[in-house]
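Novice: Sharing a structure below in structure tokens format, with a few things to ask.
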């Protein structure tokens with residue numbers, strides 16, 4: 001719905017009030033997945049909120065200067081990713097992809113039986129090990145795809161071809177499947 005709604009808005013050259021409503025609707029639709037994606041890049045909840053706020057401030061500036069265009073979703077993910085990377089650089093920290101994913105950790109059943117816990121821990125250990133062996137670009141592809149972006153959108157976010165995204169996803173899926 002977002003893409004067609006915004007494309008229609010852009011093509012009809014709507015007034016400022018309608019453009020504002022389009023941006024509000026876009027924020028409402030994108031915020032949850034942007035938040036999860038930014039958190040998966042290693043930022044805290046508070047920092048993720050800061051990144052989302054900065055992303056939408058830049059989006060407003062961008063639409064004022066260039067108007068609405070079709071793929072604001074991919075644009076917003078790319079900007080959020082770039083702001084996250086800049087934050088990590090400023091803090092002189094490196095991405096640590098081998099660390100547990102806080103989102104995955106928060107979805108774990110709090111009271112499994114010991115056998116279930118052992119099986120789960122072993123699977124999670126193997127998945128983390130395989131995930132840590134992926135290249136940073138492959139990890140980005142997996143995370144963005146998990147957020148529902150299409151290959152075309154992932155290509156825009158990462159600045160690579162759609163074919164390259166397909167290749168990276170295929171290699172990542174193969175490596176993760178082997179870890180099972």
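Novice: Output yes when any residue across region 124-143 is surrounded by 14 or more Cβ atoms within 10 Å (Cβ to Cβ), in contact (Cβ under 8 Å) with a residue 60 or more places away in the chain and under 21 Å from residue 39 (Cβ atoms), and no when none is.
Specialist: Yes.
Novice: Still on this structure: Only residues that are assigned to a helix (DSSP H, G or I) and closer than 29 Å to residue 165 by Cα: list them for region 117-135, please. Working first, answer last.
Specialist: The first filter runs over region 117-135 and keeps only residues assigned to a helix (DSSP H, G or I), leaving 117-133.
Matches in region 117-135: 123, 124, 125, 126, 127, 128, 129, 130, 131, 132, 133.
Novice: Taking region 148-163 on its own, how many of its residues are crowded, with 21+ Cβ neighbours inside 10 Å and in a loop (DSSP other than H, G, I, E, B)?
Specialist: Summing the residues that are crowded, with 21+ Cβ neighbours inside 10 Å and in a loop (DSSP other than H, G, I, E, B) in region 148-163 gives 1.
Novice: Taking region 57-105, which residues are touching a helix residue (DSSP H, G or I) at 6+ places or on another chain (Cβ under 7 Å), modelled with pLDDT of 75 or more and under 22 Å from residue 132 (Cα atoms)?
Specialist: 81, 84, 87, listed by residue number.
The values are calculated or read from the model by the stated rules, or taken from the named source; none is laboratory data. As the structure is a prediction and not an experimental result, all values here were calculated from the model. Virtual Cβ from ideal backbone geometry, glycine too; neighbours counted across all protein chains shown.
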